[in-house]
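The values are calculated or read from the model by the stated rules, or taken from the named source; none is laboratory data. Since this is a predicted model, take the numbers as computed values, not measurements. In this analysis, Cβ positions are derived from the backbone assuming ideal geometry, glycine residues included, and neighbour counts consider all displayed protein chains.
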């Protein structure tokens, strides 16, 4: 336990396993810290209540909720009509700023009632997102952040000009906004996943900037299948949201032109706004017999999907993270991904194949060659898969991420306690004499 029961508060907009990705990360931290006996609380938006009460009811005594308002609902409704990236930097950002304002009052109350001595804001992961976590008189940790991502230059047209202009404007506004909402500037520690994210931070940060990879995997849950499937097909798997930047359309086009000499199949696990369009594309390309859209899967169902795959293929072209790649490696499944962004940070030559994204032609050729290589070489699949499992065990487990976080918490709380206990410096002799003269007069 921390000295004098100094408690930690994790604050995030969302924290649940149902949505996965960025929403899952704060909950993973909270649950891992609770399992270690750390005095930790979680503060999230009201919309997470049902998922948290259903998924981890034994921890709800330590979970607090920021009430939803009409403004949140209005922002969400407007966001339904916007492309995802435009929504993220406009109405979602406005709602987030307002949510933080309400959260500040709750945090001050919890400081009094629950002994909160440190606030950790792990999301949103964008280094440009405004933070209002300042002015509490206690240490604040922000991150790990992981952003500053754009499409490869050759794929810039996958984002509309309007969306690109709005995102560019939002990024230019980040610096002046950081002067108003000073959370990033005044945080004691800002965690970043990589050099790319560090460079995207606003200028003028007062605290330390340290590196810690944002994503991780529970290697005890994501384990290899004990026995290989017996159906004789090489199964390729994509898992993720079906949105434009995941580039599943590129994968389908390559799949339709690929003529392997062994039986193959492609399972697409996920859902999203582009699912209907992608299913129609598969029909037009004539690959419906070997491509199966399995719908959304989470929890144990997703683990089983990954375990049953022979190759995990992830063509995303604007991926800051890529936790699903870590999960595949933990299951001993070799991976194929774009040599860009988060996947390029996580995938090593001994664990998977990275595909050149310098041009559309190079990307499609690279995908086809990588799939062909792994489809026809079971030995290579086995070697890459085994190396991926070893890499996950040694470097990617959640426990290692939380080891670092807990160390940072202890360091900051110890420093804070030492500062509070340090007596005021004694006046030097001349100052003391001058003060005595003033008092006598």
**OP:** Filter the stretch 175-193 down to residues that are more than 9 Å from residue 205 (Cα to Cα), assigned to a helix (DSSP H, G or I) and more than 20 Å from the chain's Cα centre (by Cα), then give me how many there are.
**Re:** 6
Original post:
How many residues does the stretch 29-56 contain that are more than 21 Å from residue 114 (Cα to Cα) and either more than 18 Å from the chain's Cα centre (by Cα) or surrounded by fewer than 22 Cβ atoms within 10 Å (Cβ to Cβ) (or both)?
Top reply: 5
Original post:
Restricting attention to the stretch 60-87, and to residues there that are touching a strand residue (DSSP E or B) at 6+ places or on another chain (Cβ under 8 Å) and in a helix (DSSP H, G or I), which single residue is surrounded by the most Cβ atoms within 10 Å (Cβ to Cβ)?
Top reply: 72
**OP:** Could you please find all residues in the stretch 226-271 being part of a loop (DSSP other than H, G, I, E, B), under 24 Å from the mean Cα position of the chain (by Cα) and within 21 Å of residue 357 (Cα to Cα)?
**Re:** 240, 241, 242, 243, 247
**OP:** Give the number of residues within the stretch 88-102 that are surrounded by fewer than 19 Cβ atoms within 10 Å (Cβ to Cβ), touching a helix residue (DSSP H, G or I) at 6+ places or on another chain (Cβ under 8 Å) and assigned to a helix (DSSP H, G or I).
**Re:** 2
Original post:
Does residue 321 qualify as being more than 17 Å from the chain's Cα centre (by Cα) and part of a loop (DSSP other than H, G, I, E, B)?
Top reply: no
**OP:** Could you tell me whether any residue of the stretch 254-265 is out of contact with any helix residue (DSSP H, G or I) (no Cβ under 7 Å at 6 or more places or on another chain), at pLDDT below 95 and within 20 Å of residue 152 (Cα to Cα)?
**Re:** no
Original post:
For residue 107, all conditions in the list (1) assigned to a helix (DSSP H, G or I); (2) touching a residue at least 12 places away in the same chain (Cβ under 8 Å); (3) within 19 Å of the chain's Cα centre (by Cα) hold save one; what is the number of the exception?
Top reply: (3)
**OP:** Scan (1) assigned to a helix (DSSP H, G or I); (2) modelled with pLDDT under 95; (3) touching a helix residue (DSSP H, G or I) at 6+ places or on another chain (Cβ under 9 Å); (4) surrounded by fewer than 23 Cβ atoms within 10 Å (Cβ to Cβ) for the single condition residue 300 breaks and write down its number.
**Re:** (3)
